[in-house]
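The values are calculated or read from the model by the stated rules, or taken from the named source; none is laboratory data. The structure displayed is predicted, hence computed values, not measured ones. Because the Cβ atoms are built from the backbone with ideal geometry, glycine has one as well, and the counts that use them run over all protein chains shown. The accessibility values were calculated without ligands, DNA or RNA, using every heavy atom of the protein model including side chains. Shrake-Rupley method; radii C 1.70, N 1.55, O 1.52, S 1.80 Å.
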Protein chains: 2
Amino acid sequence: MKYYEDIETGDTHEFGEYHVTKAEILEFARQYDPQPFHTDEEAAKESAFGELVASGWHTAAICMRMIVDGELDDRASMGARGVDELRWKQPVKPGDTLHLRTEVVDKRRSESDPRRGYVDTRMEGVNQDGDVVISWVGLGMIARREPGAETESAE
Amino acid sequence: MKYYEDIETGDTHEFGEYHVTKAEILEFARQYDPQPFHTDEEAAKESAFGELVASGWHTAAICMRMIVDGELDDRASMGARGVDELRWKQPVKPGDTLHLRTEVVDKRRSESDPRRGYVDTRMEGVNQDGDVVISWVGLGMIARREPGAETESAE
């Protein structure tokens, strides 16, 4: 199990494989983002996209699944406070296969909770052509292996 | 139909109603965010949350559904470039009922595309107790009614 102390700024990781089907694009969009270019192949042809594309929130959810399976599975994660700079850079289409690239961009101890550290990670979802389709900076929380150790030694 | 010209910075809107069930929390999380505090009631009791809570991406998707139904239904939306400052402020639990508050915080014409305008909107998802559970700034794109008309200064 990896704790706060085991993660360093600059750490990179490339992982995951998620095949995006038309059926899944339609199912997600009909429940959570029923705009015509996400739910209706014919209407999508008339839209700015010119074809059916996945909801941006669906793309984020797909990346989250890869993060849980490929990165949080061996981490003492305490969840996330939020994300910054989420951008939908390219449409995700039926038949695309996505994977993830991550880089730790900052880490620091919580001032208020000695059991907790903050780890900021840049996430990029990448398609089979190497195009970044989505990116964001995740504001994660992770348990410290030795809670309060540095606080105690400072006393 | 509302176009870029019909939207003003400072416009506010409060709308929507979405009842969040335990079954839906489990279904979303099992597919997209299978961390134990989202998928397993017993394991959630041992987590920092102390009970089952919705995936933060699920909460965002629920809010998107309300936005599509209550705000984009009469707008010439061209999608969104992304979101800034997404924050999960309070957990969403089975039985919660959410609604939306929105405020337009900025608008400007595209310099590169005379058919398009940018509208930045602060979104807040609010539960039945009046607590903000999620917030973000959506970076929306919307069609101009009169493409290219030079009625105001460009970005």
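Points to keep in mind about this one:
- Screening A:P114 with (1) modelled with pLDDT of 95 or more; (2) open to solvent by less than 70 Å² (accessible area, probe 1.4 Å); (3) in contact with a Ser or Thr (Cβ under 7 Å, 6 or more places away or on another chain) gives one miss only, at (1).
- Subset of segment B:37-91 (residues that are under 19 Å from A:A60 (Cα atoms) and polar (S, T, N, Q)): B:T39, B:S55, B:T59
- Unique match (being farther than 28 Å from A:R115 by Cα and among the acidic types (D, E)) among A:E17, A:E103, A:E8, A:E71: A:E17
- Scanning segment B:80-101 for residues that are open to solvent by less than 10 Å² (accessible area, probe 1.4 Å) and farther than 28 Å from B:K22 by Cβ yields a total of 1.
- Among the residues of segment A:1-47, the ones that are surrounded by 14 or more Cβ atoms within 10 Å (Cβ to Cβ) and in contact with a Gly (Cβ under 6 Å, 6 or more places away or on another chain) come to 2 in all.
- Of all residues in segment A:126-138, those that are more than 12 Å from A:E103 (Cα to Cα) and either of a type outside the set (S, T, N, Q) or buried (at least 17 other Cβ atoms within 10 Å of the Cβ) (or both) total 8.
- Scanning segment A:14-54 for residues that are facing chain B (nearest Cβ under 9 Å), of a type in the set (A, V, I, L, M, F, W, C) and under 23 Å from A:G138 (Cβ atoms) yields one hit, A:F28.
- Positions within segment A:101-128 being away from chain B (no Cβ under 14 Å) and in contact (Cβ under 8 Å) with a residue 40 or more places away in the chain, in sequence order: A:R101, A:T102, A:E103, A:V104, A:V105, A:D106, A:K107, A:R109, A:V119
- Matching residues in segment B:53-63 - criterion: being of a type outside the set (S, T, Y) and more than 12 Å from B:F15 (Cα to Cα): B:V53, B:A54, B:G56, B:W57, B:H58, B:A60, B:A61, B:I62
- Any chance B:S77 is among the polar types (S, T, N, Q) and farther than 27 Å from A:S77 by Cα: yes
- The residue that is nearest to the other protein chains (Cβ to nearest Cβ), counting only those in segment A:55-70 that are touching a residue at least 40 places away in the same chain (Cβ under 8 Å) and farther than 16 Å from A:G82 by Cβ, is A:R65.
- Neighbours by Cβ (under 7 Å, 6+ apart or cross-chain): first from segment A:73-100, more than 7 Å from chain B (Cβ to nearest Cβ); second surrounded by fewer than 17 Cβ atoms within 10 Å (Cβ to Cβ) and part of a helix (DSSP H, G or I): A:P94/A:K22
- Residue selected from segment B:34-91 under the condition at positive phi and not charged (D, E, K, R), by the criterion modelled with the lowest pLDDT: B:G79
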